[in-house]
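Encoded as structure tokens, the structure appears first; notes follow it.
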Amino acid sequence: MDTPAPKLFFAGLDIGSTMSKAAIIDAEGSICGYVVGPTGAEHRHRANRVMEDVLAKSGLSLDEIAYIISTGYGRVNVPFADKQVTELTCHARGVAALFPDVRTAIDIGGQDAKALKIKNGKLIDFLTNDKCAAGTGRFLEVTAETLGLELNEMGRVSLQSARPVRINSQCTIFAQQEIIARLSEGEPLPDILAGVYIAIATRVAKLARQLKIEPPVVFTGGVAKNSGMVRAMETVLGVPVLIPPEPLITGCLGAAILARDEALKLISRGEFRTQKKQLSEAHIEFTEKAA
Amino acid sequence: MAIATNKGLYLAHEIYADRSRRVRELRKDGKKIIGYVCLYPPVEMITALGLIPFRVFGNMDEPITAADQVSITVVCPFLRSIIDLGIKGKFNFLDGIAGAHTCDVGAGLILQWRDYVKDTPFTHLIDIPHTDHAPAIEYFQHQLNSFQRHLEEFAGEKLTDEKLKRACELHNRQRQLVRQLYDLRKPDPPLLTSSENLEVLVALFSLPVDEGNRLLEDVLAGVKERKVKPPAKKVRLMVWGPVFDNTALYDLIEDAGANVVVDDTCVGTRAFWADVKAPCELQALAQHYLVDIKCPRTFRQAEHAGTRRDYDRDLDSRFSYIKKAIKDWGVNGVVLQSVKYCDTHGYEVPNLRHYLDTLGIPGIYIEHDYSERSMATIKTRVEAFVETLG
């Protein structure tokens, strides 16, 4: 063959309740590009936008993507996806790709928190805290609003605390009242913030403990970007936690890897259909290499 | 989800969608309808006296509004839904209501019914013990005797041995036919979907026993003949837990890529797994309802007093029937579902999960508040569970 076969690419989209994430990988599993942006109300519109952005970032066109998997709350709203997989399976796969020895993963997103047990890179058990803002990113957002702080500022301020206050309420609304009460009692801001982080970490650790925490523990999701939260999580769990370089993209990365696995499986069964002849040739070469 | 309907399944679907349709007709002809809650009032006694037993369910699609005036909110939403519908007059086709002390809320429901639901001349609460020791069975037999006297007074006739024997035969026949219905889901793919199965069972709880038996015969004959079968799926699940009378959960699980092939629930196998032993007398009924029906409302671990020393034996004596079903139906995962605030099932979950672990069978625990809305929140978890098994 004179002309070199084109490379194959695979995409994963994670349409979360708060943020939408997308990644494209090649056949070797290297990340060609990724994007992160707010989801907003228009899930369908958002899916198109995030796909266009990640293609632009990777310098690719949609035709070059062999297989697409969507995940997250909005996974049903990705019309161009070949398959939908839950965010639990995708996160586990993404985390295991970055930390092959991982046994426990904790993910805190905008509206949910999940604990995952992983063995040999595969999800074996999980628990989620669904439809309650306590112990999620939303809890932090409401706290930031209450205190008139920026989210990233909050983490930094909390690290100055030597004696975190106790926040007893598990409910987001009641906890905000408690924060205001502590403020009026004259408790220092860093101690209150550190107390908020401990409260969230405690709630999420409760999920993880039900699955029996085994190290290494990986902490992902938007909330893992918060230095105060990471410290609180380590304090509560009593073990160090590993944070990926970009903790928001483990879900979409996992989806992209699963897209690659799925495509490979279909190719090996001879069931992979594509209108592009060139791509078919590439598939064959890819299969031979994989075999 | 129905895939290709036949006469029996079509009728079952119609009754599922409008449960009181047939008993309203019968009532016009002078028949008396006795509603009952949970599985514990012996339907044989009701049938034997020429009365029609009608199992009372709630309605997941109807928001609970009236019940809040008479009931606290932190109790079983299924039972709250029933009293809510009762107060709203949705059970105005019932001539009576019977319940048992299945759990505290179940007992409270019957008393609330007496106080707040008008125009139900007959109300009876059976005081059923919570252990299955010999003295408990004997006590329960006395309670069944007083239920009998109350029913006789209401029906205006005596319950003879002959009438009870005939009723037991009809209900046992129903149990045998239901077990044949479950056999249809042993092959892979199963010959019946779990939602079709549920519609048939809900219809049985809404019809006189002889009509239910004819329906089952039609369904069994029709399903064996139909050409279109449910699709084969990699994952074959069992559903465990308290009452679930709506196809929503089964549709959700089957949409997630699994076939539900068997269950251990009280709108499923529990009512039909064991026959009432002959001779059909109150003693046999007491034995059947208190011992042979496996619901965690009866403490079956009492034999070993829950001691750690006998823990494994205790688990095996409580759950070996589940092990057998897992083997016979080729189950590779269990969905443990419970309605919120159900303490009887809640306390069973850690033991059952442990037992499943020893069998190497993965399980997932999901809790709902008996509303369509709560189905959406468990969807992702069920899908992820199916993904871990696939």
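The values are calculated or read from the model by the stated rules, or taken from the named source; none is laboratory data. Since we're looking at a predicted model, the values are computed, not measured. Neighbour counts run over all protein chains shown; Cβ positions are idealised from the backbone, glycine included.
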Flagged in region B:124-142 as crowded, with 19+ Cβ neighbours inside 10 Å and either of a type in the set (Ser, Thr, Tyr) or part of a helix (DSSP H, G or I) (or both), in numbering order, are B:ALA136, B:PHE140
Taking the condition free of Cβ contacts under 8 Å to residues at least 24 places away in the same chain and either basic (Lys, Arg) or in a helix (DSSP H, G or I) (or both), does B:LEU111 pass?
-> yes
When region B:189-221 is checked residue by residue, the ones that are within 20 Å of B:ASP18 (Cβ to Cβ) and either among the β-branched types (Val, Ile, Thr) or within 14 Å of the chain's Cα centre (by Cα) (or both) are B:ASN197, B:LEU198, B:GLU199, B:VAL200, B:LEU201, B:VAL202, B:ALA203, B:LEU204, B:PHE205, B:SER206, B:VAL209, B:VAL219
- Query: Does B:HIS345 fit the bill of being away from chain A (no Cβ under 13 Å) and touching a Ser or Thr at 6+ places or on another chain (Cβ under 7 Å)?
  - Reply: yes
Within region A:99-157, of all residues that are acidic (Asp, Glu) and in a helix (DSSP H, G or I), the one farthest from the other protein chains (Cβ to nearest Cβ) is A:GLU153
Residues of region B:58-101 being more than 18 Å from B:ASP343 (Cα to Cα) and hydroxyl-bearing (Ser, Thr, Tyr), in sequence order, are B:THR65
With criteria (1) part of a helix (DSSP H, G or I); (2) touching a helix residue (DSSP H, G or I) at 6+ places or on another chain (Cβ under 7 Å); (3) of a type outside the set (Ser, Thr, Tyr), B:ILE366 comes up short on (1)
Picked from region A:1-42 (must be polar (S, T, N, Q) and surrounded by 15 or more Cβ atoms within 10 Å (Cβ to Cβ)), the residue modelled with the lowest pLDDT is A:THR39
Within region A:158-204, residues being farther than 19 Å from A:LEU237 by Cα and either part of a helix (DSSP H, G or I) or touching a Ser or Thr at 6+ places or on another chain (Cβ under 7 Å) (or both) number 17
So for region B:167-188 (the condition being assigned to a loop (DSSP other than H, G, I, E, B), under 30 Å from B:GLY330 (Cβ atoms) and either in contact with an Asp or Glu (Cβ under 8 Å, 6 or more places away or on another chain) or free of Cβ contacts under 8 Å to residues at least 12 places away in the same chain (or both)), does at least one residue qualify? yes
Within region B:258-293, the residues that are under 30 Å from B:GLU387 (Cβ atoms) and modelled with pLDDT of 95 or more are B:ALA258, B:ASN259, B:VAL260, B:VAL261, B:VAL262, B:ASP263, B:ASP264, B:THR265, B:VAL267, B:GLY268, B:THR269, B:ARG270
Residue under question is B:GLN148, and the condition is that it be in a helix (DSSP H, G or I), without any contact (Cβ under 8 Å) to a residue 24 or more places away in the chain and buried (at least 17 other Cβ atoms within 10 Å of the Cβ); does it hold? no
Within region A:71-90, residues in contact with a Gly (Cβ under 8 Å, 6 or more places away or on another chain) and outside any loop (DSSP other than H, G, I, E, B) come out as A:THR71, A:GLU87, A:THR89, A:CYS90
Please tell me if B:TYR370 is of a type in the set (Phe, Trp, Tyr), within 14 Å of another protein chain (Cβ to nearest Cβ) and under 30 Å from B:GLU62 (Cβ atoms). no
Counted residues in region A:69-88 being surrounded by 24 or more Cβ atoms within 10 Å (Cβ to Cβ) and either among the hydroxyl-bearing types (Ser, Thr, Tyr) or more than 10 Å from chain B (Cβ to nearest Cβ) (or both) come to 5
task = Tell me, please, whether a residue that is away from every other protein chain (no Cβ under 12 Å) and surrounded by fewer than 17 Cβ atoms within 10 Å (Cβ to Cβ) can be found in region B:333-341.
result = yes
Note: among A:VAL95, A:VAL102, just one is in contact with a strand residue (DSSP E or B) (Cβ under 8 Å, 6 or more places away or on another chain), buried (at least 18 other Cβ atoms within 10 Å of the Cβ) and within 21 Å of A:PHE9 (Cα to Cα), namely A:VAL95
Over region A:54-78, the set of residues touching a residue at least 12 places away in the same chain (Cβ under 8 Å) and under 14 Å from A:ILE15 (Cα atoms) is A:VAL54, A:ILE68, A:ILE69, A:SER70, A:THR71, A:GLY72, A:TYR73, A:GLY74, A:ARG75, A:ASN77, A:VAL78
